[in-house]
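As structure tokens, the structure follows; a few thoughts come after it.
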Amino acid sequence: MRVAEAIKDWVVERNMQKGDRLPGEAELMARFGMAKGTIREAMRILQAQGLVETRTGPGGGSFVGEVTADRAKALLANYFYFQDLSVADIYQLRRVLEPELAASLAGRLSDAQLAELEAVVAQYPDPARSAEEERDQHVASLAFHRLLANFSDNALLAFVVSFMARILADLTVYRRLYDPPNRDLHARGVAFQRDLIAALREGRPEEARAIMTAHMQTAEALMQAQEAQVLRRFIPE
């Protein structure tokens, strides 16, 4: 809606920040030359996008909001749900970005951050004994990559890598790519993640890049095999 875009542009031009109060309805009507219903609809659109927050009671009104990373990822995930993404589509990007992310973080993580990564890996020390346990382990292992991404100083790189891990987790769940359990994927994934933590701790960027590259290549091959196995269940002989 053009009025919603005009209000957003007006906020950006004034470099308004989260929590800044927006003009009241009457002022917005006068400023943009629009009727009350049009302004209200524009504000509802901006509120749905997370760009406007409305508070009631004393001191209430409309304020500049901030779209959180989780909200942005949720909206993008809804979009890509209808795009029929494949494992290959996701790994085409993961193979390019995640090795560079790993290399950029070598020697730069605190002991607390490294401990957080180790705590994630500790959640799945043994191979899954059921499809449900495999599902939970796979989702947890992808949380390792989201956590690693969140340690990056590059907000765009962090967002994209974290988002790819999220949609791969979603893809795994709704396409049941965890059934039957894949012991090879578990064993090799855990080994790669432990080796990566060691390279990150010791500040070896080229080794971190090589480990992540091998991890992505291996995981893609195993996931594609799993995807093909699932698809065969639905193809009549």
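The values are calculated or read from the model by the stated rules, or taken from the named source; none is laboratory data. Quantities reported herein were computed from a predicted structural model and do not represent experimental measurements. Cβ: placed from backbone, ideal geometry, glycine included. Neighbour counts: every protein chain shown. Ligands, DNA and RNA are excluded from the accessible area calculation, which covers all protein heavy atoms including side chains. Shrake-Rupley method; radii C 1.70, N 1.55, O 1.52, S 1.80 Å.
Per-structure values
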read-out: With Cα atoms, 0 to 90° folded angle of helix 183-201 axis to the chain main axis; value: 70
read-out: Isotropic mean projected area of the C-alpha convex hull, the range 129-237 (nm²); value: 7.4
read-out: Gaussian network model of the chain, springs between alpha carbon atoms under 10 Å - residue of 95, 31, 108 with greatest fluctuation; value: 31
read-out: Calculated P(r) tail over 16 Å for the range 45-132, as whole % of Cα pairs; value: 77
read-out: Pairwise centroid distance, computed over Cα atoms, of the range 1-32 with the range 147-200, Å; value: 40
read-out: Percent accessible area from carbon and sulfur atoms, the chain, protein chains only, probe 1.4 Å; value: 53
read-out: Those chymotrypsin sites (Phe, Trp or Tyr not before Pro) in the range 27-90 that DSSP places in a loop and that have at most 16 other beta carbons within 10 Å; value: 82
read-out: Helix-only [θ]222 nm of the chain, DSSP H runs n ≥ 4, -39500 (n - 2.57) each, per residue, nearest 500; value: -23000 deg cm²/dmol
read-out: Vicinal HN-Hα couplings computed from phi for the range 60-68 (Karplus, 6.51 cos²θ - 1.76 cosθ + 1.60; Hz; Gly/Pro x); value: x, x, 10, 9, 5, x, 9, 6, 6
read-out: Degrees, to the nearest 10: 36-48 long Cα axis against longest axis of the chain; value: 20
read-out: Residue among 33, 57, 24 with the largest mean-square fluctuation in a Gaussian network model of the chain, springs linking Cα atoms under 10 Å; value: 57
read-out: Crossing angle, helix 2-13 versus the chain [Cα axis fit, 0-90 degrees, rounded to tens]; value: 80
read-out: The range 66-141: GluC sites (Glu not before Pro) falling in loop per DSSP and having at most 13 other Cβ within 10 Å; value: 66
